[in-house]
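The values are calculated or read from the model by the stated rules, or taken from the named source; none is laboratory data. None of the values given here were measured: they were computed from a predicted structure. When we count neighbours, we look across all protein chains shown, and the Cβ atoms used for this are built from the backbone with ideal geometry, even at glycine.
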Amino acid sequence: MPENEVYEDLLELKYSKLSHLKEYWKVSKAALIFRAKSIGTIDENKFKALYFDLSRYKERKNEKGFVQIEAPRFINEIIDYYENTANYTLDELLEFLSIGKEDYLRYFKNSKYRTLVTPKTNVFSLKSYSMN
């Protein structure tokens with residue numbers, strides 16, 4: 001939350017405002033309280049009081065309210081660029097993204113590398129066993 005954008009919203013912060021701000025900023029109530037303290041819109045006493053309210057209303061672990069998480073819009077275009085324009089190899093992409101091969105192929109279904117990887121199977125060939 002950029003200070004210049006959130007500052008006004010966190011002035012005179014009250015517990016009753018947290019649900020609305022949580023929905024608007026798409027962060028937890030605890031994050032809003034911490035941010036208010038870090039940019040100086042509340043003092044230490046107000047910070048403690050708001051955290052006390054989170055506990056009193058049993059929201060320290062499971063906050064009320066819902067934050068809609070947006071689906072990533074451009075990730076497939078970015079992956080396509082790195083695979084086809086920048087010509088990254090699969091190993092380079094895996095290292096760059098710090099992700100395993102199975103996860104990469106599961107998340108990026110349009111990857112050109114899906115056709116290069118043979119699927120795992122539980123079937124084995126009987127030709128490798130001799131009948132002596």
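Can you pull out every residue in the range 44-71 that is touching a Lys or Arg at 6+ places or on another chain (Cβ under 8 Å), assigned to a loop (DSSP other than H, G, I, E, B) and surrounded by 10 or more Cβ atoms within 10 Å (Cβ to Cβ)?
Correct list: Y57, E59, E63, G65, V67.
Looking only at the range 72-96, how many residues end up being polar (S, T, N, Q) and surrounded by 12 or more Cβ atoms within 10 Å (Cβ to Cβ)?
1
Give just the number: which of (1) of a type in the set (S, T, N, Q); (2) under 30 Å from M1 (Cβ atoms); (3) modelled with pLDDT of 90 or more does Q68 not satisfy?
Going through the list (1) of a type in the set (S, T, N, Q); (2) under 30 Å from M1 (Cβ atoms); (3) modelled with pLDDT of 90 or more, Q68 breaks only (3).
Cβ-Cβ distance below 7 Å, separation of 6 or more or different chains: which pairs start in the range 1-27 with a residue that is without any contact (Cβ under 8 Å) to a residue 40 or more places away in the chain and end on one that is among the aromatic types (F, W, Y)?
M1/W25; V6/W25
Conditions (1) without any contact (Cβ under 8 Å) to a residue 24 or more places away in the chain; (2) within 17 Å of the chain's Cα centre (by Cα), marked per residue:
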{"position": "V67", "(1), (2)": "no, yes"}
{"position": "F74", "(1), (2)": "yes, yes"}
{"position": "I79", "(1), (2)": "no, no"}
{"position": "N87", "(1), (2)": "yes, no"}
{"position": "D91", "(1), (2)": "yes, no"}
{"position": "L97", "(1), (2)": "yes, yes"}
{"position": "E102", "(1), (2)": "yes, no"}
{"position": "Y113", "(1), (2)": "no, no"}
